[in-house]
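Below is one structure; the comments refer to it alone.
The values are calculated or read from the model by the stated rules, or taken from the named source; none is laboratory data. Note that the structure is a prediction, hence the values are computed from the model and not measured. Methodologically, a virtual Cβ is constructed for each residue, glycine included, from the backbone with ideal geometry; neighbour enumeration extends over all protein chains shown.
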């Protein structure tokens with residue numbers, strides 16, 4: 001099944017009545033999470049304390065040197081696309097909170113146009129600050145949690161949940177979609193629930209595109225085959241017998257999805273901005289991801305069952321040898337191969 005492009009147009013009435021949280025599970029909103037358990041409890045339940053090697057203590061007050069608040073910011077603001085930007089923002093915020101610093105990021109980026117960020121800003125002397133570089137772009141660098149007492153720029157992708165595991169509530173709040181994006185996503189999900197008699201919607205991210213290129217493959221950036229999605233769909237169905245599950249697919253390769261994933265319970269979204277597709281996926285009850293950081297964030301924000309592709313960045317490849325899967329994939333996520 002395929003959603004028409006008309007799905008993306010909505011009436012003025014919807015703008016006032018719909019929001020993404022209408023389609024979230026009750027326990028995924030920051031308010032409910034805070035009401036039911038502390039961030040520390042969530043951290044202990046979902047992440048491995050020894051791997052992250054950070055404590056559960058309340059973040060200290062602002063670090064002052066001669067009565068001046070210390071700052072951190074990114075060394076390269078616009079490195080990568082949306083998923084990369086989200087990791088850097090969340091990681092920088094977690095590092096700052098751990099050490100009582102103030103974090104800021106450059107305004108006017110795609111990230112700020114997508115989310116209601118509260119830490120955008122500039123500092124006239126930031127370009128003169130020393131740069132601290134993470135030692136491995138695909139593993140947790142614990143030294144970043146204990147930085148020298150001075151203003152700093154952080155250079156790295158920060159692709160580990162350990163960087164922000166103590167402030168997951170705050171990160172979820174930071175990644176609140178801009179209203180115009182939230183309304184479009186809510187309207188899409190509303191149509192699926194009403195028109196397809198769905199009792200559960202599972203988001204599916206299918207990234208192909210640049211990962212099909214030889215130069216990317218040689219580094220370890222692989223894409224799953226049809227067999228992976230078949231296994232993942234069946235596994236998700238087995239977890240919820242008796243439910244009417246609809247799988248809604250976001251992809252950069254619609255012809256491939258049409259040929260390989262076509263089924264009565266599969267809906268492929270038409271082209272839209274990465275922000276809209278991410279808003280839809282992260283508002284589903286559960287997520288099946290493929291390759292890359294974009295799908296990772298769809299799963300993390302959805303906060304339900306997440307199935308990930310184990311063939312991404314395999315051992316023996318350049319990037320695969322750098323990846324520490326234990327600090328990249330939360331331990332409750334489910335790995336499935338081709």
Matching helices (runs of 4 or more DSSP H) fully within region 20-133 where at least 1 residues are modelled with pLDDT of 85 or more and either on the phi < 0 side of the Ramachandran plot or not assigned by TED's automatic domain parsing to the domain that holds residue 146 (or both): 82-98, 110-114
Number of the exception - residue 171 against (1) under 30 Å from residue 263 (Cα atoms); (2) assigned to a helix (DSSP H, G or I); (3) at pLDDT 95 or above: (1)
Residue check for residue 171: out of contact with any strand residue (DSSP E or B) (no Cβ under 7 Å at 6 or more places or on another chain) and under 19 Å from residue 117 (Cα atoms): yes
Residue count for region 304-316, restricted to those that are more than 18 Å from residue 247 (Cβ to Cβ) and either surrounded by 17 or more Cβ atoms within 10 Å (Cβ to Cβ) or within 16 Å of the chain's Cα centre (by Cα) (or both): 3
Enumeration of residues in region 148-174 that are farther than 19 Å from residue 327 by Cβ and touching a helix residue (DSSP H, G or I) at 6+ places or on another chain (Cβ under 6 Å): 169, 172, 173
